[in-house]
């Protein structure tokens, strides 16, 4: 697959985890995301919380789904870095927004926040290491 060849050839920092780790990590995170996000969307649909509380969760999904095409299809590290910063920002925003209503959902986002914080540092480092020098 050309995109995996492209990514494999990028310079990566010494702290980059092995490629096989991403699948299991995201599998666990997607279960947590699904349960907590569905709860938020359901509660917003029922009127139990304002739709504005669900906004950071909606934006997070959009940015999260956009990352792989940006990074692997378009092979654009710069825009992938911008996107992952938006993912990180919306996780923080969602934790703050949901905290007064559902503490457990805020706590459930902590593994996601930790992983994306690490992934953000990794992405920014990869972007820096593979910048085009003029």
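If you go through segment 5-47 and keep only what is exposed (fewer than 12 other Cβ atoms within 10 Å of the Cβ), within 27 Å of residue 74 (Cβ to Cβ), touching a helix residue (DSSP H, G or I) at 6+ places or on another chain (Cβ under 9 Å) and without any contact (Cβ under 8 Å) to a residue 40 or more places away in the chain, you end up with 8, 19. All told, residue 89 meets the bar of being without any contact (Cβ under 8 Å) to a residue 12 or more places away in the chain and assigned to a helix (DSSP H, G or I). Of all residues in segment 61-83, those satisfying the criterion of being buried (at least 16 other Cβ atoms within 10 Å of the Cβ) and in contact (Cβ under 8 Å) with a residue 40 or more places away in the chain are 71, 72, 77, 80, 81. Could we say that residue 101 is more than 30 Å from residue 10 (Cα to Cα), at pLDDT 95 or above and not in a helix (DSSP H, G or I) here? In short, yes. Under the condition of being in contact with a helix residue (DSSP H, G or I) (Cβ under 9 Å, 6 or more places away or on another chain) and over 21 Å from residue 55 (Cα atoms), which residue from segment 101-121 is surrounded by the most Cβ atoms within 10 Å (Cβ to Cβ)? Selected residue: 119. Per the listing 95, 114, 52, 58, the residue uniquely without any contact (Cβ under 8 Å) to a residue 60 or more places away in the chain, on the phi < 0 side of the Ramachandran plot, in a helix (DSSP H, G or I) and under 11 Å from the mean Cα position of the chain (by Cα) is 114.
From the list 91, 98, the one residue that fits, being in contact with a helix residue (DSSP H, G or I) (Cβ under 6 Å, 6 or more places away or on another chain), over 15 Å from residue 64 (Cα atoms) and surrounded by 15 or more Cβ atoms within 10 Å (Cβ to Cβ), is 98.
The values are calculated or read from the model by the stated rules, or taken from the named source; none is laboratory data. Since this is a predicted model, take the numbers as computed values, not measurements. Cβ sites come from the backbone with ideal geometry, for glycine too, and all protein chains shown count toward neighbours.
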